[in-house]
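For reference, the structure discussed in these notes is given below.
The values are calculated or read from the model by the stated rules, or taken from the named source; none is laboratory data. Since the model is a prediction, treat every value here as computed from it, not as a measurement. With ideal geometry, Cβ positions are generated from the backbone for all residues, glycine too; neighbour counts draw on all protein chains shown.
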Amino acid sequence: MKQHSVKARMKAVARIGDAVLRVSRQAWTRLKARARLRRQHRAKLRNQRLKYVSAEQLVYADLLEAGVAVGRIFLAFTFFLYVSGIVAPKVAFSDLPAYWSLSASDYLQSAGVGIGWNWFAQVDNSDYTNFIGIAFLIGLTIFCYLRLLQFAWKYRDSVFGAVVALELIVLVFAASGLLASSH
């Protein structure tokens, strides 16, 4: 009798396993179908939007999107380096609460940190490595404008080229820190 009940239990477990497998396959198929429909819907919406967008705008947007993706990955990686302690920070985690109550100028003085581009000399510290990613994200606009300048040269659009060149000059001049005032 015991053998019969063990076999019956095994068959019941097998039936339940088959039912779970069948349901999970159906659910997976439905999920894939929904994902395919979402992709098709997004493609349709993108094609509708592209009717009203110039080639320059698309190139700018695509370059910006790719750059932001790279920047995010870099920021996440440098944050991991900072939090994990693989690279030592300039200001230790245990000292951070003491600095929180300080004003910005007091913090800069007590931590030995300069202003402007002085962070670049401290990139070997993990709490300053993330500044590279931030500077990259800020500089993306300059890269995008350089790409737009190529379009202006290609289509010999001197007015557009002059506007883009002037914007590049202003951005580079502002990023250089020459206009910065010390407090």
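Considering region 128-183, and only residues there that are of a type in the set (Gly, Ala, Ser) and over 21 Å from GLY67 (Cβ atoms), the residue that is modelled with the lowest pLDDT turns out to be SER182. Within region 159-179, residues that are on the phi > 0 side of the Ramachandran plot sit with their Cβ atoms under 6 Å from residues that are loosely packed, with under 13 Cβ neighbours inside 10 Å, at 6+ positions apart or across chains, in these pairs: GLY177/GLY116. With respect to the conditions (1) of a type in the set (A, V, I, L, M); (2) in a helix (DSSP H, G or I); (3) more than 21 Å from the chain's Cα centre (by Cα), ILE134 lacks only one, and its number is (3). Between a first residue in region 83-105 that is within 20 Å of ILE115 (Cβ to Cβ) and among the hydroxyl-bearing types (Ser, Thr, Tyr) and a second residue that is modelled with pLDDT under 80 and part of a helix (DSSP H, G or I), which pairs have beta carbons less than 9 Å apart while being 6 or more apart in sequence or on different chains? So the pair list comes out as TYR99/ALA111. Only residues that are over 24 Å from the mean Cα position of the chain (by Cα) and farther than 18 Å from VAL87 by Cα were counted across region 114-123, and they come to 3. The helices (runs of 4 or more DSSP H) found entirely in region 7-111 include none that carry 3 or more residues being over 30 Å from LEU149 (Cβ atoms), in contact with a Ser or Thr (Cβ under 7 Å, 6 or more places away or on another chain) and not hydrophobic (A, V, I, L, M, F, W, C).
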